[in-house]
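Data first, discussion second: the structure below is written as structure tokens.
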Amino acid sequence: MKRNYKIGLVMKSLQADFFQVMKEGAIQYAAPLPFLDLVCVGTATQTEVMEQIDLMYSLIDRQVDAIVLVPIDSKALVQPVVEAARKGIPVINIDIRLDARLLEQAGVEVAFVGPDNFTAAYGVGKLLSKKLQVRDEVAIIEGLAVADNAQQRKKGFLRAIEEKGLQLVASEPADWETSKAAEVFQTLWMRHPDLKAVYCSNDAMALGVLGQMQQKGRYLPVVGFDNDAVMKEFLSTGKLVATVDIFSSQMAVRGIEFALDVLEGRVENRGEHSTAYSIIAC
């Protein structure tokens, strides 16, 4: 390395298992590297867009050398990314894609490091579909609608549903949150008593759905996404059919490594760089 670097890692809710794992993995990676000063920040919840924008501007003001970003909102976070680029601070986009059209309009290129959410959701959706019959009623609990990964996971689930010939009776957002998913599903289930399965766009929401099922003493097949540690019990008992591990800590590390490569001039800050995922079944 030619010099010391300060890199900011901007995440979403640090209360969520997924981002706690991401933060810990990034810290462990940076700890033995004397040339790297890693600044980890994140919001309190999954929906605090303005707070995340403020975190971005704070890091820009601190004149960090690069930023690795998991955007809450794929469109709203483009402006601070553009501001960083104008000040010579490269931003590496991980996990959730920024809006490509808005970036292009601003004349800014940003590398994306992350998984193929569509294909992963389609794969886990196919596993759930195998447990169902044609015309069975199913529902999707979506993530935050303004996030690209929520959109891609929904599209992946929809393909699996359509291929099986299932009947989608509801598709509603719960913004990645357990408590909101519980509320959404409670109302949804009352409205659709013949429901046969639920596709959840992350494990936190699957937890809320399973909590409602536990209260009723009746379980429907459910899939999630993220492989949160709290879901191991549900996987082991078969109450959760499957989830997807997208290796959040490794993804953050890859983003930091890419940022260092950009700063050292080894690569340009552009292109798509896929990270691994694995479907975990009961």
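The values are calculated or read from the model by the stated rules, or taken from the named source; none is laboratory data. As the structure is a prediction and not an experimental result, all values here were calculated from the model. All Cβ positions, even for glycine, are placed from backbone atoms using ideal geometry, and neighbour counts span all protein chains on display. Side chains are part of the model used for accessible areas, which takes the heavy atoms of the whole protein and leaves out ligands, DNA and RNA. Shrake-Rupley method; radii C 1.70, N 1.55, O 1.52, S 1.80 Å.
Zone of residue 51 (label point 7 Å along Cα→Cβ, backbone N under 19 Å): which residues in the range 175-193?
Under 19 Å, as judged by backbone N against the label point of residue 51, lie 175-181 of the range 175-193.
Taking the range 1-118 on its own, what percent of its Cα-Cα pair distances exceed 21 Å? Can you show the working numbers first?
Details: 2392 of 6903 pairs.
Every Cα pair in the range 1-118 considered, those over 21 Å come to 35 percent.
Where only protein heavy atoms count, and the probe is 1.4 Å, what is the accessible area per residue for the chain in Å²?
For the chain, the solvent-accessible area averages 43 Å² per residue.
Please give the FRET efficiency for residue 229 paired with residue 31, using the beta carbon to beta carbon distance and R0 = 22 Å, rounded to the nearest 0.05. Can you show the working numbers first?
Numbers: r = 22 Å, r/R0 = 0.99.
Using R0 = 22 Å, I get an efficiency of 0.50.
Expressed as a whole number of Å, what is the distance separating the alpha-carbon centroids of the range 148-172 and the range 238-282?
Measuring centre to centre over Cα atoms gives 23 Å.
Between residue 163 and residue 186, what is the spin-label point distance in nm, taking each point 7 Å from the Cα along the Cα→C-beta axis?
Rounded to a tenth, the inter-label distance reads 3.6 nm.
Of the trypsin sites (Lys or Arg not before Pro) in the range 91-195, which ones lie in a loop per DSSP and count no more than 15 other C-beta atoms within 10 Å?
Here the trypsin sites (Lys or Arg not before Pro) that fit, given the DSSP loop and packing criteria, are 130, 131, 135.
Pop a pseudo-label 7 angstrom from the Cα along the beta-carbon direction at both residue 105 and residue 281 and give the gap in nm to one decimal.
4.4 nm
How large, in percent, is the carbon and sulfur part of the accessible surface of the range 30-168 at a probe radius of 1.4 Å?
The computed percentage sits at 48.
Given springs between every Cα pair under 10 Å in a Gaussian network model of the chain, which of 77, 33, 158 has the largest fluctuation?
It is 33.
Return the lysines within reach of residue 126: Cα separation strictly under 29 angstrom, same-chain partners fewer than 8 residues apart disregarded; answer none if there are no such residues.
By straight Cα distance, residue 126 reaches 12, 154, 155, 164, 180, 196, 216, 232, 239.
Using the Cα atoms as the points, what is the convex hull volume per residue of the chain in Å³? Could the numbers behind the result be given before it?
Values: hull volume 33.0 nm³, N = 282.
Cα convex hull per residue, to the nearest whole number: 117 Å³.
Quick one: what are the phi-derived ³J(HN,Hα) couplings along the range 120-130, Karplus 6.51/-1.76/1.60 with θ = phi - 60°, whole Hz, x for glycine and proline?
Once θ is set to phi - 60°, the couplings for the range 120-130 become 5, 5, 4, x, 6, x, 5, 4, 5, 4, 5 Hz.
Less than 19 Å apart at the alpha-carbon level, and either on another chain or at least 8 residues along: which aspartates and glutamates does that give for residue 131?
Counting by Cα, and skipping residues close in sequence, residue 131 has these aspartates and glutamates nearby: 162, 163, 194.
Note down, for the range 151-282, the three equivalent ellipsoid semi-axes (square root of 5 times each alpha carbon gyration tensor eigenvalue), biggest first, whole angstrom.
After diagonalising the Cα gyration tensor, the semi-axes are 34, 16, 13 Å.
Taking the chain as a Gaussian network, Cα atoms linked when under 10 Å apart, which of 105, 152, 133 shows the biggest mean-square fluctuation?
Per the Cα network of the chain with a 10 Å cutoff, 105 tops the list.
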